[in-house]
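Notes for the one structure printed next.
The values are calculated or read from the model by the stated rules, or taken from the named source; none is laboratory data. Because the structure is a prediction, the values reported are computed rather than measured. Note that we place each Cβ from the backbone using ideal geometry, even for glycine, and neighbour counts take in every protein chain shown.
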Amino acid sequence: MKTPVSAFIFVLGLTASANAADIIEPVYVETGDLRLEGFDRTGFNAVVFAGGGFLTGSDNLGFDAFFRSGQFGGSLGYDHQFNRLVLGASVEASLTNFRGSSSSQNYRQSSNWLSAATVRVGYDAGRFMPYLSAGVGFGNYKIEQKSSGSSDENTHVGFVVGAGIEANITRNAFARLDYKHYEMGEKTYDVSGLPSFSLDGRADMFNLGVGYRF
């Protein structure tokens, strides 16, 4: 009599274990079609990107600046997925080559890098994930008098907002299209030949990147 009861208890235990495993671990079925599959995006990721954008600046002397530049950089981040919702954070840095001169041609202005620390929220739409991002932005700016070599340089800090979309190439590799708007706070500059003045700036950057999830 004990043998059938023991067997019943054993089978019941296996069934309970299987049901518990199904509840705890989501199942991602490989269909062979990346457009139809769900992806668990939890984990660290790295991205390299290239693109370009526009930089505008204004000061209290009445001068405005508008420059164009390419951009090349990289980012490191971490995402955690809750069903279809993806929450993440990342840091990125890029090289730029914004250059220009004032109307008098005696003053050179430049910006050589941008960086950002952002959080983002995305939606798992299968192969694609659209997202919104926001955080803190950083960028350098330099003004130099050509004739004397006198210059002043600052790191501007402000906020950054953006949006983008990722598309899986394989289960780990992905492509990313990203836009960010930087709104930089004021800094004071002292350059020979000019009175002390304050300057703020804005940048709009577009880039395309490839990344990998670890």
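Evaluate the following for residue 40: is it surrounded by 12 or more Cβ atoms within 10 Å (Cβ to Cβ), modelled with pLDDT under 95 and of a type in the set (Asp, Glu)? Spelling it out, residue 40 is indeed surrounded by 12 or more Cβ atoms within 10 Å (Cβ to Cβ), modelled with pLDDT under 95 and of a type in the set (Asp, Glu). Among residues of the stretch 182-205 that are at positive phi, those with a beta-carbon under 9 Å from a residue that is crowded, with 17+ Cβ neighbours inside 10 Å and among the aromatic types (Phe, Trp, Tyr) at least six positions away or on a different chain give the pairs 193/107.
Does residue 30 satisfy the criteria of being at pLDDT below 95, surrounded by 15 or more Cβ atoms within 10 Å (Cβ to Cβ) and part of a loop (DSSP other than H, G, I, E, B)?
Here the answer is no, as residue 30 does not meet what is asked.
Taken together, the residues in the stretch 114-140 that are surrounded by 22 or more Cβ atoms within 10 Å (Cβ to Cβ) and farther than 20 Å from residue 42 by Cβ amount to 4.
Residue-by-condition table, conditions (1) part of a strand (DSSP E or B); (2) at pLDDT below 95; (3) in contact with a Phe, Trp or Tyr (Cβ under 8 Å, 6 or more places away or on another chain):
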| position | (1), (2), (3) |
| --- | --- |
| 3 | no, yes, no |
| 14 | no, yes, no |
| 17 | no, yes, no |
| 20 | no, yes, no |
| 50 | yes, no, yes |
| 61 | no, yes, yes |
| 78 | yes, no, yes |
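Is it true that residue 35 is assigned to a loop (DSSP other than H, G, I, E, B) and either surrounded by 14 or more Cβ atoms within 10 Å (Cβ to Cβ) or at pLDDT 95 or above (or both)? Judged against the criteria, residue 35 is not a match. Within the stretch 100-112, can one find any residue that is touching a Leu at 6+ places or on another chain (Cβ under 9 Å), hydroxyl-bearing (Ser, Thr, Tyr), part of a strand (DSSP E or B) and at pLDDT below 90? Yes - at least one qualifying residue is present in the stretch 100-112.
The listed residues are 138, 128, and the only one of them that is among the aromatic types (Phe, Trp, Tyr), in contact (Cβ under 8 Å) with a residue 24 or more places away in the chain and farther than 25 Å from residue 167 by Cα turns out to be 138.
How many of the residues in the stretch 135-176 are under 30 Å from residue 193 (Cα atoms), among the small types (Gly, Ala, Ser) and assigned to a strand (DSSP E or B)?
3
For residue 213, indicate whether it is farther than 16 Å from residue 125 by Cα, in contact (Cβ under 8 Å) with a residue 60 or more places away in the chain and touching a strand residue (DSSP E or B) at 6+ places or on another chain (Cβ under 8 Å). Yes. For the stretch 142-157, a residue qualifies if it is among the hydroxyl-bearing types (Ser, Thr, Tyr) and either surrounded by 14 or more Cβ atoms within 10 Å (Cβ to Cβ) or more than 20 Å from residue 55 (Cα to Cα) (or both), and the qualifying residues are 147, 148, 150, 151. Just one of the listed residues (199, 132, 194) is in a strand (DSSP E or B) and more than 19 Å from the chain's Cα centre (by Cα), and it is 199.
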